[in-house]
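The values are calculated or read from the model by the stated rules, or taken from the named source; none is laboratory data. Just so it is clear, the model here is predicted, and its values are computed rather than measured. FYI the Cβ positions are ideal-geometry reconstructions off the backbone, even for glycines, and counts take in every protein chain you see. Ligands, DNA and RNA are stripped out before the accessible areas are found, and what is left, the full protein with its side chains, is counted by its heavy atoms. Shrake-Rupley method; radii C 1.70, N 1.55, O 1.52, S 1.80 Å.
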Amino acid sequence: MDEKIKALDVKMKKAYDYLTEDLATIRAGRANPHVLDRIRVDYYGTPTPIQQVGNITVPEPRMLQIAPWEKNLIKEIEKAILASDVGITPTNDGSVIRLVFPELTEERRKELVKDIKKKGEEGKVAVRNIRRDGNDSFKKLAKTDISEDEIKDLEEQLQKLTDKYIKEIDKMIEEKSQDILKV
């Protein structure tokens, strides 16, 4: 495989991986520690990932428990969770913070599926933009010493790569949507 195609493959893989991480933060009515991945806690003036200031466990299917390593962080962790888009109010007993995930309503499930499809579409657009940029760079190469046949070959390889990632994204969206809609 040509280095140019390999470089574009790496970019498409990054777009795919970003989408995978993004979809992991969407909660499906069950406790999933990944919903806290983007939350930062003010730890002595430094925004720090919540996973680095405490231990996150799943004691029950619909509950997350955060045990901070320093008790004085409880208020900061609560503040960070409330300020985030998780949509759950934390409760604490002085030593641990609990997040109870409510059962998802049918309406909320449909909203989440719409959101998943929107994020998937954004992922596909990112992959297509990488394809477009690649094709543009191939056309610039045509002005140098590369034949039209080689350019066509590169474009075909890039299209196959694009199709592969679009298919993967569609599959991931379908699986996540089914997961959300499952009661």
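Things to note:
- Where a residue in the range 37-51 is among the polar types (S, T, N, Q) and its partner, wherever it lies, is open to solvent by 30 Å² or more (accessible area, probe 1.4 Å) and modelled with pLDDT of 85 or more, with Cβ under 7 Å and at least six apart: Thr48/Arg40
- Yes/no for Gly94 being under 30 Å from Gln159 (Cβ atoms) and open to solvent by less than 70 Å² (accessible area, probe 1.4 Å): no
- The criterion of at least 2 residues that are in contact with a Cys (Cβ under 8 Å, 6 or more places away or on another chain) is met by none of the strands (runs of 3 or more DSSP E) falling completely within the range 40-129.
- Meets criteria (more than 17 Å from Thr25 (Cβ to Cβ), touching a residue at least 24 places away in the same chain (Cβ under 8 Å) and acidic (Asp, Glu)) for Glu60: yes
- Residue within the range 70-86 that is free of Cβ contacts under 8 Å to residues at least 40 places away in the same chain, in contact with a helix residue (DSSP H, G or I) (Cβ under 8 Å, 6 or more places away or on another chain) and buried (at least 17 other Cβ atoms within 10 Å of the Cβ) present: yes
- Residues satisfying the stated conditions in the range 70-85, i.e. over 21 Å from Ile26 (Cβ atoms) and of a type in the set (Val, Ile, Thr): Ile74, Ile77
- Selected residue (criterion: modelled with the lowest pLDDT) from residues of the range 97-109 that are surrounded by 13 or more Cβ atoms within 10 Å (Cβ to Cβ) and more than 19 Å from Met172 (Cβ to Cβ): Leu104
- Being over 28 Å from Met12 (Cα atoms), surrounded by 15 or more Cβ atoms within 10 Å (Cβ to Cβ) and over 17 Å from the mean Cα position of the chain (by Cα) is a condition met by no residue of the range 121-130.
- Residues in the range 1-31 that are modelled with pLDDT under 80 and open to solvent by 40 Å² or more (accessible area, probe 1.4 Å): Met1, Asp2, Arg30.
- Cβ separations smaller than 8 Å between residues 6+ apart or across chains give the following pairs from the range 93-114 residues that are farther than 26 Å from Lys79 by Cβ to residues that are open to solvent by 80 Å² or more (accessible area, probe 1.4 Å) and not in a helix (DSSP H, G or I): Glu103/Arg62.
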